[in-house]
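Beneath this line is the structure, given in structure tokens, with notes to follow.
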């Protein structure tokens, strides 16, 4: 009997020690054991991403990067979520004009609002950047920061993508959600750096991408601090403050992040300067572009597209060591399952 | 003999289990067991801070705040480090004019540079904001982002505070370092929101305060993305982009953080709008001002000071529920030990 008790005690000790070790081991190895990017097909692109992450996180290795410097920046429209047939923010602006029209009887005769209310897209197109800016200002300014946030949140909760018939926050790319999570699990800090409105994106980035508002960089309107009915409020003014696009992206990164990314992901020529700036830093870097090649599951467009034009970047990608992600070939699934 | 082996095994098991539990317990209780703010004297101010942190972190309590929303913003000059006899950044600018003078022979006859090189502070003072801006532009623009960062880092490493004879990065307030660490240990994200130059502060905030560059909000000059000698660079232009001071502070918070702080800490009337904006949010909030009352250990100044003037905020603090931190009375030590 005594020998059993003794054996039991010994085995119990061993079990406790083993289980303690196992827990630590499990946490350490979990990343390596399972596929961190299940929605990415095996191939050169996926291998390049995983190899990059392995190398910059290998302590003592030649490409090791301190955790604080593992900054990854992602464009939003066309890189993290669908940008066709029209930028989501533009759809929002157009919808808002229709919703606000009863309070603006003058819009019945004033362009480009008249055309928009009549569904005359040709006239809107002809009104160019100036017309678009008027629509943006009418729908993105003249209210407090809190009011605008509520309006955006409500719109996102109640509108669906015209083709996919699902909320815009579900028209995001599953492979990119996995990549964001994979990078964060490896000590990266993930940022959005988009030409879109910074305050238009913020209501959805945390729940959708796991990216908190303070890690979103975008275009902005001038905002003023005012005392309204005795309460301090921030009022959005009808004036562009900063356009975070093209050459504006590295500037936005400098102002908001203050560190050069080691990984940047875009999908159009507007992301070229961000990728150039990223790649020009010392040490190992990764620059990627989504190439929309999948008309069946999403859209196929590049050189001739009015939205997300990808031309110059395609031409120089190879020479610059940039990775072109072929949506059709590299992505096993495009959208999260409902 | 057998009984000893059995006893030993049993005791070993118990020890292992106990030590596992102890480790977990220790981590959980460390915050409560030891004083998190040893450089703060016991009293109403310290109690108010600790009570606030306890209440907003008490899950299920009426004042509980989700971790993501635990945003704390700190002014820098006079709140985290010494701002007398002159803002550190102004000392830097004046020093840089002297260092750059050989490359600018025209400064020998051009004001305000002539006065500065001759040590004629009266004429500089008389040149007002316009003169100061010229000095700032001459020393903060016309170089790349990387060059400016190196210049600031070098200056901070080689210059000392005129009175305390220690590097400026050691003229920081020990009680505030403890408060920043205490807040972070309780799930807060800590930010600097300063009128100072955003890129002037960033080289020192991470090592000194544990605040990474992306959590620093400040004033900025316009920056341009350019290709120079075939390399993409960011060039700092001689034009103010944003003044992150007074009513600019809530705007800077909106643009950079995108969430309203629940705790804000300043030291002058220039911080009032930040505190007002913070306190105007729903739920429990804390607004504090450092009152410099300690001529012996640091400086004593408020209503009549040319730097860090504290007048209006002092008058309305009580009525608004803002806490005035009395440096002499509330801080056991002022600076970190060497």
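A few notes on this one:
- Taking the numbered list (1) closer than 25 Å to residue A:271 by Cα; (2) not in a helix (DSSP H, G or I) in turn, residue A:59 passes all entries but (1).
- Qualifying residue in the stretch A:202-211 (condition: out of contact with any strand residue (DSSP E or B) (no Cβ under 6 Å at 6 or more places or on another chain) and buried (at least 24 other Cβ atoms within 10 Å of the Cβ)): no
- Selection status of residue B:221, touching a strand residue (DSSP E or B) at 6+ places or on another chain (Cβ under 7 Å), surrounded by fewer than 23 Cβ atoms within 10 Å (Cβ to Cβ) and assigned to a strand (DSSP E or B): yes
- Test: residue in the stretch A:23-39 that is at pLDDT 95 or above, surrounded by fewer than 15 Cβ atoms within 10 Å (Cβ to Cβ) and more than 14 Å from chain B (Cβ to nearest Cβ): yes
- Filter result (in a loop (DSSP other than H, G, I, E, B), within 16 Å of residue A:241 (Cα to Cα) and more than 8 Å from chain A (Cβ to nearest Cβ)) within the stretch B:243-262: B:243, B:244
- Only listed residue being under 20 Å from residue A:281 (Cβ atoms) and crowded, with 17+ Cβ neighbours inside 10 Å, chosen from B:156, B:183, B:179, B:234: B:234
- Scanning the stretch A:166-205 for residues that are within 22 Å of residue A:36 (Cα to Cα) and within 14 Å of chain B (Cβ to nearest Cβ) turns up A:187, A:188, A:189, A:190, A:191, A:192, A:205.
- Test result for residue A:72, assigned to a helix (DSSP H, G or I), modelled with pLDDT of 95 or more and within 14 Å of chain B (Cβ to nearest Cβ): no
- Against the conditions (1) buried (at least 16 other Cβ atoms within 10 Å of the Cβ); (2) at pLDDT 95 or above; (3) closer than 24 Å to residue B:205 by Cα, residue B:146 satisfies every one except (1).
- For the stretch B:206-232, a residue qualifies if it is under 21 Å from residue B:242 (Cα atoms) and at the interface with chain A (Cβ under 8 Å from one of its Cβ atoms), and the qualifying residues are B:212, B:213, B:214, B:215, B:216, B:220, B:223, B:224, B:225.
- Within the stretch A:88-117, the set of residues being in contact with a helix residue (DSSP H, G or I) (Cβ under 7 Å, 6 or more places away or on another chain) and within 16 Å of residue A:161 (Cα to Cα) comprises A:88, A:89, A:92, A:93, A:94, A:95, A:96.
The values are calculated or read from the model by the stated rules, or taken from the named source; none is laboratory data. Here the structure is a predicted model, which is why all the values come from computation and not from measurement. Every residue, glycine among them, receives a Cβ derived from its backbone with ideal geometry; neighbour counts consider all protein chains shown.
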